[in-house]
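**Q** Sharing a structure, written as structure tokens. Questions coming.
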Amino acid sequence: MSIIVIQAIASAISIPTEADNINIHLKDDQMVSVSKKEWKKGKRFCSEDRFAFVRNKQVIFIEKSDIEYIRYESLRTFEKTADFMEEYAKVQELDEEVLKYFHTVKHKKARTSQVLAVGATCMGVLVSPLVLVVAPIPLIQAVSRMRKVEYQYCVKGKEWKSLKNARKKKIKNYKLKATA
């Protein structure tokens, strides 16, 4: 019973990576990678002509005229911040690889929750009715995730493995740029 609750909590938690950052490309061919946390802290310092974010307890400003475009590598960050960022520069559409990656991950998580829901229900019926108390948790997660998945972007097999490896390399490159 506890394994079902632990899995439900663990699958609901997502750890942000550099791919979740907002990438601001400047006109002088530099890129500034801003995390969602830095953006939220600096949001109150933003004005119509300046974008602000807080890094290491210091407010950093970027002039609107210096920004060429903004690019996202995460569907979650795009959905939460793109409307605000359109005030400062042109927001580029998400690449198809980003959409494929995130919708495939959502689908895989939904299928895992679905399997655990079926297992919990079977355990509740056959072994202990007490398990039926927690059985709806993974079922609700599975249903809500399946609704959000766009199946046209889901990939399988070798295509998924190559997409996942390319994504890992891209994240490593962003880490290097962020630390430089």
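The values are calculated or read from the model by the stated rules, or taken from the named source; none is laboratory data. A quick note: this is a predicted structure, and the numbers were derived from the prediction, not measured. For neighbour counting, all protein chains shown are included, and Cβ atoms are generated from backbone atoms with ideal geometry for every residue, glycine included. Keep in mind that these areas ignore ligands, DNA and RNA; they rest on the heavy atoms of the full protein, side chains included. Shrake-Rupley method; radii C 1.70, N 1.55, O 1.52, S 1.80 Å.
**Q** If each residue of separation counts as 0.36 nm, what is the full-extension length gain between VAL115 and ASP49 once their alpha-carbon separation is subtracted?
**A** 18.7 nm
**Q** Of LYS36/LYS161; LYS27/LYS170; LYS108/LYS170; LYS36/LYS106; LYS40/LYS156, which ones are farther than 24 Å apart at the Cα?
**A** As for pairs spanning more than 24 Å Cα to Cα, those are LYS36/LYS161; LYS40/LYS156.
**Q** In whole Å and largest first, what semi-axes does the C-alpha gyration tensor of the chain yield when each eigenvalue is scaled by 5 and square-rooted?
**A** Over the Cα atoms of the chain, the ellipsoid semi-axes are 39, 19, 14 Å.
**Q** Could you give the length gained by full extension between LEU126 and LYS40, i.e. 0.36 nm per residue of separation minus their alpha carbon distance, to one decimal place?
**A** Roughly 26.1 nm would be gained on extension.
**Q** In a shell of Cβ-Cβ distance under 9 Å around TYR153, excluding TYR153 itself, what net charge do Lys and Arg (+1) and Asp and Glu (-1) give?
**A** My count for the surroundings of TYR153 gives -1.
**Q** Given contacts defined as C-alpha pairs under 8 Å and at least six residues apart, what's the relative contact order of the chain, whole-number percent? Before the final figure, lay out the partial values.
**A** Values: 235 pairs, mean separation 38.5, N = 180.
It rounds to 21 percent for the chain.
**Q** Next question, about the same structure. Less than 13 Å Cβ to Cβ from LYS27, Lys/Arg counted +1 and Asp/Glu -1: what total charge do the surrounding residues give?
**A** That sum, taken over residues with Cβ under 13 Å, equals -3.
**Q** So for the chain: antiparallel DSSP bridges make up what percent, rounded to the nearest 5?
**A** Details: 15 of 17 bridges.
Close to 90 percent.
**Q** Also: Show log10 I(q)/I(0) for the stretch 49-101 at q = 0.12, 0.26, 0.30 Å⁻¹, two decimals, from a solvent-free Debye sum over equal Cα scatterers.
**A** Result of the Debye calculation: -0.32, -1.04, -1.15.
**Q** Residue by residue, what Karplus-based ³J(HN,Hα) values in Hz, rounded to whole numbers, does the stretch 26-39 have, using 6.51, -1.76 and 1.60 with θ = phi - 60° and x for Gly and Pro?
**A** 8, 5, 8, 6, 9, 10, 10, 9, 10, 6, 4, 5, 5, 5
**Q** About the Cα centre, and with charges only on the beta carbon of Lys, Arg (+1) and Asp, Glu (-1), how big is the dipole of the chain? Nearest 20 debye, please.
**A** 860 debye
**Q** Here is a follow-up. Sort LYS27, LYS64 by heavy-atom solvent-accessible area, probe 1.4 angstrom, most to least.
**A** Greatest to least solvent exposure: LYS27, LYS64.
**Q** Around LYS43, under 14 Å between beta carbons, what's the net of Lys plus Arg minus Asp minus Glu among the other residues? Please list the in-between numbers first.
**A** Numbers: positive: LYS36, LYS37, LYS40, LYS41, ARG44, ARG50, ARG55, LYS80; negative: GLU38, GLU48, ASP83, GLU87.
Result for the local shell: +4.
**Q** Work out how much length HIS25 to TRP160 would gain on full extension: take 0.36 nm times their residue separation and subtract the Cα-Cα distance, in nm to one decimal.
**A** Going from the current span to full extension adds 45.7 nm.
**Q** Report the accessible area of PHE45, computed with a 1.4 Å probe over the heavy atoms of all protein chains in place, in Å² rounded to the nearest 10.
**A** 80 Å²
**Q** Something else about it: Tell me, what ³J(HN,Hα) does each residue in the stretch 95-101 have, in order and in whole Hz, if you take phi through Karplus 6.51 cos²θ - 1.76 cosθ + 1.60 with θ = phi - 60° and put x for Gly and Pro?
**A** 5, 5, 5, 5, 5, 4, 4
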